[in-house]
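Quick one: the structure is below, questions incoming.
The values are calculated or read from the model by the stated rules, or taken from the named source; none is laboratory data. What you see is a predicted model; the values in this text were computed from it and never measured. Glycine gets a Cβ as well: all are built from the backbone with ideal geometry, and neighbour counts include every protein chain shown.
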Amino acid sequence: MSRKNQTLGEFIIENQSSFKYTSGELSRLINSIRLAAKVVNHEVNKAGLVDILGAFGDTNIQGEEQQKLDVYANEKFIQTLTNRNIVCGIASEEEDDFISINSQDENNNNKYVVLIDPLDGSSNIDVNVSVGTIFSVYRRVTPVGTPVQLEDFLQKGSQQVAAGYVVYGTSTMLVYTTGHGVNGFTLNPAIGTFYLSHPNMTFPEDGKIYSVNEGNYIHFPQGMKDYIKYCQMEEGDRPYTSRYIGSLVSDFHRNMIKGGIYLYPKSSKTSNGKLRLLYECNPMALIAEQAHGKASDGFTRILDIEPTELHQRVPFICGSKNMVEKAEEFMRLKK
Ligand code: AHM
Ligand code: MG
């Protein structure tokens, strides 16, 4: 039984028996993410104080400039999961290829792989706006004890055993699901402990907020343009309110609490949108569905998409169920 003010540590132990496979491995994994999140949070919070801002001078596989904190967060999450011998493989948005942990230890019988976006929305760092970490967990499909393969990572989102995010906001929160609803924990920075503050989080069925980078409107497909016009039309409870932080985790988090829809469609400039299926869309889609919301590429359920490559991008529509269904209706009318 979860109760408010329970620590994340207590919650993990008490809920361990509800996991499909109860070896304790998944509990250790969530614990490691909790630890790395605290370390990254500490660094994110002092970003304005130390000379850590600015481009690192490196570009990641998507050809984008990396910020120093991206590199730091990437290292911390990988180190924590590797050193504690928790998983057999890791794929990160900041790495070109996946990392096999088996290859370093032949006795590694771990079953889980983690996919992570260590610091999402990092262009927000140097203007002191919230950023986040997104993670996704799968059971490997290749035999335990052998080096992980690409197919262990290229699984459909519906196969995820856990997913979550950390939002480094006015408070730092860790929100996650292991397939039994969504729970949110707030960090008390004075003692470094996460407390259950948001048990059983759910999207309101309907909402009044739409979140989209409207600067790209001219490049959107007609169905998306029509849906945005619908959001702005005066009728019933419309026009909706427009809110866009440009940090997926924060936009999603607000919409889950207040009711809303997040849209990152394809455009004439980006044929598959911007967001990555494996590191961003799948984990957020699992959380959305577990919170009674919906996630789609406009036509297909995100969790049903068969991945073909690690850094694949996909259009992303996610949020309150009725709002996502309405957006899909418009998309179907005019592809
Ligand atoms: P990133 O992984 O490079 O940080 O990009 C992902 C971010 C999301 O957090 C955010 O919703 C989106 O990019 C914003 O993109 P845009 O600036 O094009 O609106
Ligand atoms: Mg990202």
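Out of the residues in region 240-258 that are under 20 Å from Asp117 (Cα atoms) and of a type in the set (D, E, K, R), state the one that is farthest from the chain's Cα centre (by Cα).
Arg254
Count, please, the residues in region 225-255 that happen to be of a type in the set (A, V, I, L, M, F, W, C), surrounded by 14 or more Cβ atoms within 10 Å (Cβ to Cβ) and away from ligand 2 (no atom under 16 Å from the Cβ).
Of all residues in region 225-255, those of a type in the set (A, V, I, L, M, F, W, C) come to 228, 231, 233, 245, 248-249, 252.
Applying the additional criterion that residues be surrounded by 14 or more Cβ atoms within 10 Å (Cβ to Cβ) yields 228, 231, 245, 248-249, 252.
From what is left, the residues that are away from ligand 2 (no atom under 16 Å from the Cβ) are 228, 231.
The number of residues fulfilling the criteria is 2.
Further question on the same structure: Give all pairs with beta carbons closer than 6 Å in which a residue from region 264-275 that is on the phi < 0 side of the Ramachandran plot meets a residue that is of a type in the set (A, V, I, L, M) and more than 9 Å from ligand 1 (Cβ to nearest atom); count only pairs at least 6 apart in sequence or on separate chains.
Note: pairs meeting the criteria are Pro265/Met224; Asn272/Val314.
Consider only pairs whose beta carbons are under 7 Å apart and that are at least six residues apart or on different chains; among these, list those whose first residue lies in region 34-57 and is under 17 Å from Thr133 (Cβ atoms) and whose second residue is of a type in the set (A, V, I, L, M) and at pLDDT below 55.
Ala47/Leu53
Per-residue answers, yes or no, for (1) under 19 Å from the mean Cα position of the chain (by Cα); (2) among the aromatic types (Phe, Trp, Tyr):
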{"site": "Gln232", "(1), (2)": "no, no"}
{"site": "Gly260", "(1), (2)": "yes, no"}
{"site": "Tyr264", "(1), (2)": "yes, yes"}
{"site": "Tyr279", "(1), (2)": "yes, yes"}
{"site": "Ile287", "(1), (2)": "yes, no"}
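Then there is this: Which one of these is over 20 Å from the mean Cα position of the chain (by Cα) and surrounded by 22 or more Cβ atoms within 10 Å (Cβ to Cβ): Val148, Val182, Val137, Val166? Talk me through it step by step, then tell me what you get.
Details: Val182 fails: over 20 Å from the mean Cα position of the chain (by Cα); Val137 fails: over 20 Å from the mean Cα position of the chain (by Cα); Val166 fails: over 20 Å from the mean Cα position of the chain (by Cα).
The conditions single out Val148.
Taking region 83-95, which residues are away from ligand 1 (no atom under 15 Å from the Cβ) and at pLDDT 90 or above? Before the answer, list the steps.
To start, the set of residues in region 83-95 that are away from ligand 1 (no atom under 15 Å from the Cβ) comprises 83-90.
Within region 83-95, Val87, Cys88, Gly89, Ile90 meet the criteria.
Okay, next question. Show me the strands (runs of 3 or more DSSP E) entirely contained within region 111-187 in which 1 or more residues are under 25 Å from Asn5 (Cα atoms) and either at pLDDT below 95 or within 16 Å of ligand 1 (Cβ to nearest atom) (or both).
Values: elements: 112-120, 131-139, 162-168, 172-177.
Answer list for region 111-187: 131-139, 162-168, 172-177.
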